[in-house]
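The values are calculated or read from the model by the stated rules, or taken from the named source; none is laboratory data. A quick note: this is a predicted structure, and the numbers were derived from the prediction, not measured. Don't worry about glycine lacking a Cβ; one is built from the backbone with ideal geometry, like all the others, and counts go over all protein chains shown.
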Amino acid sequence: MEDIRLQPAMVVDDVVKRFGRGDEIVTAVDHVSFNVAQGEFVSVIGPSGCGKSTLFNIIGGLLGDYEGSVMIGDERISAPHPAVGMVFQEESTFPWRNVIDNVAFPLELQGVAKSERMDRAHHFIDMVGLASFEKNFPSQLSGGMRQRVSIARTLVSQPKILLMDEPFAALDEQTRLLLGDKITQIQQELNQTTLLITHNLTEAVQLSDRIVVMTYRPGKVKRIVDINLKRPRTSDVVGSDAFGHYVAEIWNDLREEASRGMADSESAASRRGAHG
Amino acid sequence: MADTLVRKSSSSPSLLFRYGPEITGLASLVVAALLFELLVRVGVINRYVIPPPSDVILAFERVVTEEDILGRSGATAFEMIVAAVAAVLVGVPVGALLHRSPLWRRAMEDWVGALAAAPIVLAFPLFLVLFGRSPKTIIVMAFFHGLAPIILKTIEGLSGTRKVLINVGRSLNMTSSQMFWKILFPSALPVIFTGIRLSWTFVLITVVGVEYLINLGGLGQLINELAERYDLPGTYAAIFFVILVSVFFFILLERVELWLRPAR
Ligand SMILES: Nc1ncnc2c1ncn2[C@@H]1O[C@H](COP(=O)(O)OP(=O)(O)OP(=O)(O)O)[C@@H](O)[C@H]1O
Ligand SMILES: [Mg+2]
């Protein structure tokens with residue numbers, strides 16, 4: 001196919017997901033196909049409401065009832081796959097656990113001895129820049145800090161395949177760039193296969209090998225863009241001409257979809273206005 | 001430097017600040033007592049309806065020495081503890097089971113709701129027949145009265161667990177028992193404690209109320225006897241001990257809660 005790398009770690013083939021029934025059917029994901037190679041970093045970008053989280057849940061095995069297939073190895077995904085780690089879009093820390101116990105949670109489930117799991121949790125907490133907050137509870141952290149706790153909690157078990165749904169949405173631009181560097185570094189070290197869902201253009205270009213651009217409702221693949229920026233790559237890349245070129249190119253595709261999305265929600269709002 | 005300076009200079013107002021609510025509460029109690037004292041002495045309030053607070057304070061000694069108030073407080077506290085703890089031990093598992101089975105849950109929820117609203121105290125003749133005129137009757141009645149809020153709040157708390165937290169558990173391939181103990185239950189705990197607090201209030205009321213009604217055992221019976229003797233200051237002094245026992249109870253509960261969930 002288009003990609004001549006080693007065998008794909010994940011193949012998304014003609015996936016369709018509809019919600020509701022009768023007249024109320026919403027097609028959230030419409031015949032989406034792409035694959036992700038071993039160790040590759042792929043982003044899925046698209047406007048709000050185009051079905052990104054739905055796709056994320058299908059690939060993560062949380063939404064077993066769908067058409068088409070998502071293959072990891074030679075297994076069709078209909079339940080969570082043990083090699084997959086997920087970072088969710090919504091705030092997902094456990095409010096009853098402090099930072100270090102949140103991050104060590106997956107290791108606790110695996111039965112890793114206490115001192116080792118604290119060491120490993122500590123390493124990832126340090127990486128996301130929360131070393132001095134280990135004993136704090138989520139209610140004592142900001143939204144962005146909590147999101148970093150969830151990222152560390154997923155990274156700690158070093159999943160072979162990493163799925164992230166807008167993990168940086170609650171972060172400011174600077175933290176986002178720096179954390180992006182850390183993620184890239186781990187991803188390269190572990191040769192992790194990564195799928196990032198995002199609506200942030202610079203983030204997608206900064207991190208990805210390829211970007212899947214989605215259309216606004218129904219969510220189809222509009223285009224797949226190869227990002228040929230050198231690796232190892234750091235956030236410095238955002239200053240380069242090539243970077244600007246990619247951003248402009250993808251924005252061109254995205255603008256059309258985004259304005260369709262906006263028009264849609266505006267007309268919905270005015271319809272509501274007319275009724276009320 | 002600046003930090004220590006600030007701390008030093010503000011040490012006395014910060015004490016007032018820290019204990020502000022307690023001090024204000026006590027002060028308003030004292031003011032209310034003085035007000036009643038005045039109103040009774042002036043004759044606005046009949047002293048056979050509300051005795052002057054000074055008489056109540058004087059009655060304490062008599063009540064403690066002549067009426068075995070410590071023993072009675074102990075008896076009442078014992079009945080409360082047994083009923084309250086039993087309500088938790090039965091209510092939480094029943095709530096968890098009902099949460100798991102949608103059919104049973106829909107079948108039972110209305111009945112449990114009715115149990116919560118029922119004036120169980122008025123059914124005391126039935127319980128007297130079943131368990132005799134003994135502390136057993138009091139404990140069983142209080143237990144039933146305290147059961148419903150715990151069951152209902154346990155169901156509510158478990159079903160209120162955020163979807164994304166359950167998804168975190170699923171993505172980590174947790175077993176259903178891990179899911180319950182490590183996600184659902186801790187997430188529901190604050191709501192369950194609301195249920196326990198409600199339940200314990202019901203238990204306190206039922207224990208003292210039934211003691212009073214069937215004239216048996218602890219503080220409730222004492223209140224009954226003193227009231228029948230028209231010993232109003234003594235009655236109020238005994239009521240004060242009921243409050244004391246309840247305060248002890250809720251402090252205990254608060255300790256347990258703090259120990260179970262340090263995050264606030
Ligand atoms: N459980 C559901 N039941 C019915 N409709 C749903 C459900 N989940 C999602 N949808 C619909 O599917 C569409 C896609 O939703 P989805 O959450 O996947 O969008 P998204 O691309 O992740 O948006 P955002 O960027 O805002 O997170 C939306 O129109 C939404 O209303
Ligand atoms: Mg989403």
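Worth pointing out:
- Qualifying positions in segment A:1-14 - farther than 19 Å from A:VAL84 by Cα and modelled with pLDDT of 90 or more: A:ASP14
- Single match in A:GLY49, A:GLY39 (criterion: in the same structural domain as A:ASP253 (by TED's automatic domain parsing), within 13 Å of ligand 2 (Cβ to nearest atom) and in contact (Cβ under 8 Å) with a residue 60 or more places away in the chain): A:GLY49
- Top-ranked residue of segment B:227-241 - restricted to ones that are free of Cβ contacts under 8 Å to residues at least 24 places away in the same chain and either within 14 Å of B:ILE69 (Cα to Cα) or not in a loop (DSSP other than H, G, I, E, B) (or both), ranked as nearest to the chain's Cα centre (by Cα): B:ILE239
- Meets criteria (part of a loop (DSSP other than H, G, I, E, B), more than 20 Å from A:PRO167 (Cβ to Cβ), within 16 Å of ligand 1 (Cβ to nearest atom) and in contact (Cβ under 8 Å) with a residue 12 or more places away in the chain) for A:GLY64: yes
- Looking only at segment A:31-61, residues that are over 20 Å from A:LEU254 (Cα atoms) and either within 12 Å of ligand 1 (Cβ to nearest atom) or within 13 Å of chain B (Cβ to nearest Cβ) (or both) come to 5 in all.
- Residue selection: A:GLN158 fails the criterion of being more than 14 Å from every other protein chain (Cβ to nearest Cβ) and either under 27 Å from A:ASN35 (Cβ atoms) or free of Cβ contacts under 8 Å to residues at least 40 places away in the same chain (or both).
- Within segment A:182-241, the set of residues being within 16 Å of ligand 1 (Cβ to nearest atom) and part of a strand (DSSP E or B) comprises A:LEU195, A:LEU196, A:ILE197, A:THR198, A:ILE211, A:VAL212, A:VAL213, A:MET214, A:GLY219, A:VAL221, A:LYS222.
- Of the residues making up segment A:94-108, those that are out of contact with any Leu (no Cβ under 6 Å at 6 or more places or on another chain) and within 9 Å of another protein chain (Cβ to nearest Cβ) are A:PHE94, A:PRO95, A:TRP96, A:ARG97, A:ASN98, A:PHE105, A:GLU108.
- In segment A:165-196, residue modelled with the lowest pLDDT [restricted to those that are crowded, with 24+ Cβ neighbours inside 10 Å and within 16 Å of ligand 2 (Cβ to nearest atom)]: A:PHE168
- Of the residues making up segment A:72-94, those that are assigned to a strand (DSSP E or B), away from ligand 1 (no atom under 16 Å from the Cβ) and aliphatic (A, V, I, L, M) number 2.
- Selection within segment B:226-260 - within 14 Å of another protein chain (Cβ to nearest Cβ) and surrounded by 15 or more Cβ atoms within 10 Å (Cβ to Cβ): B:GLU257
- Candidate set: segment A:150-161, residues that are among the polar types (S, T, N, Q) and not in a helix (DSSP H, G or I); chosen: the one surrounded by the fewest Cβ atoms within 10 Å (Cβ to Cβ): A:GLN158
- Of all residues in segment B:121-137, those that are under 18 Å from B:GLN221 (Cα atoms) have Cβ atoms under 6 Å from Cβ atoms of residues that are surrounded by 13 or more Cβ atoms within 10 Å (Cβ to Cβ) and small (Gly, Ala, Ser), 6 or more apart or on another chain, in B:VAL121/B:GLY209; B:PRO135/B:GLY217.
- Selected residue [more than 18 Å from A:ASP30 (Cα to Cα), out of contact with any strand residue (DSSP E or B) (no Cβ under 9 Å at 6 or more places or on another chain) and either among the aliphatic types (A, V, I, L, M) or modelled with pLDDT of 90 or more (or both)] from A:VAL237, A:VAL205: A:VAL237
- Any chance A:SER69 is surrounded by fewer than 22 Cβ atoms within 10 Å (Cβ to Cβ) and either within 10 Å of ligand 1 (Cβ to nearest atom) or within 13 Å of chain B (Cβ to nearest Cβ) (or both): no
- Any hit, segment B:166-189, residues being away from chain A (no Cβ under 14 Å), closer than 23 Å to B:PHE143 by Cβ and more than 16 Å from the chain's Cα centre (by Cα): no
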